[in-house]
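Presented below is the structure to which this report refers.
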Amino acid sequence: MKTAVRVPPLVALAAGVALWFVPTLVQHAAWILGDDDRAVDFDLVLVSRWIAAALLLGFVLAVERRPLSSVGLHAPRGRDVLITVGLAVLALVVSVTLYGLVVGGVGPRPGS
């Protein structure tokens, strides 16, 4: 097992700030290159956020030589999965109900 490397706090902070701005820089680069399609902007920013997260995990593993548990990542327990599934079902029920209440009472009725 590799031993953890002491990374100076300012270096870790600089790496974190740089990774925080990756999506913003990607979006501005797309605008400079003449991209006016907002859907493409969203896709680019979403992909760049995933890349920034992967780079952060790579920094923790390769540079700091620490386990992912040092940033709060661990394998989900059974309780975690049950809570997630329960909240997803609750969110689905609430969103469908609200959609039915809001959209169902507005607009023309079929057959009238």
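The values are calculated or read from the model by the stated rules, or taken from the named source; none is laboratory data. Everything numeric in this text was worked out from a predicted model, so none of it was measured. Every residue, glycine as well, gets a Cβ built from its backbone with ideal geometry; the counts of neighbours run over all protein chains shown. Side chains are part of the model used for accessible areas, which takes the heavy atoms of the whole protein and leaves out ligands, DNA and RNA. Shrake-Rupley method; radii C 1.70, N 1.55, O 1.52, S 1.80 Å.
Among residues of the stretch 67-85 that are without any contact (Cβ under 8 Å) to a residue 60 or more places away in the chain, those with a Cβ under 9 angstrom from a residue that is among the polar types (S, T, N, Q) and assigned to a helix (DSSP H, G or I), sequence gap 6+ or separate chain, pair up as PRO76/THR84. Considering each residue of the stretch 60-77, count those that are farther than 18 Å from PRO8 by Cβ and not aliphatic (A, V, I, L, M), and give that number. Number satisfying all stated conditions: 6. Considering the stretch 9-61, there are no qualifying helices (runs of 4 or more DSSP H) wholly inside with 3 or more residues that are touching a strand residue (DSSP E or B) at 6+ places or on another chain (Cβ under 8 Å) and either at pLDDT 80 or above or within 20 Å of LEU73 (Cβ to Cβ) (or both). Looking at ARG65, ARG79 in this structure, which one is of a type in the set (D, E, K, R), in a helix (DSSP H, G or I) and open to solvent by 70 Å² or more (accessible area, probe 1.4 Å)? Only one candidate passes the filter, namely ARG79. Among (1) open to solvent by less than 60 Å² (accessible area, probe 1.4 Å); (2) under 13 Å from the mean Cα position of the chain (by Cα), there is one condition ARG49 misses while meeting the rest; what is its number? Just one mismatch for ARG49, condition (1).
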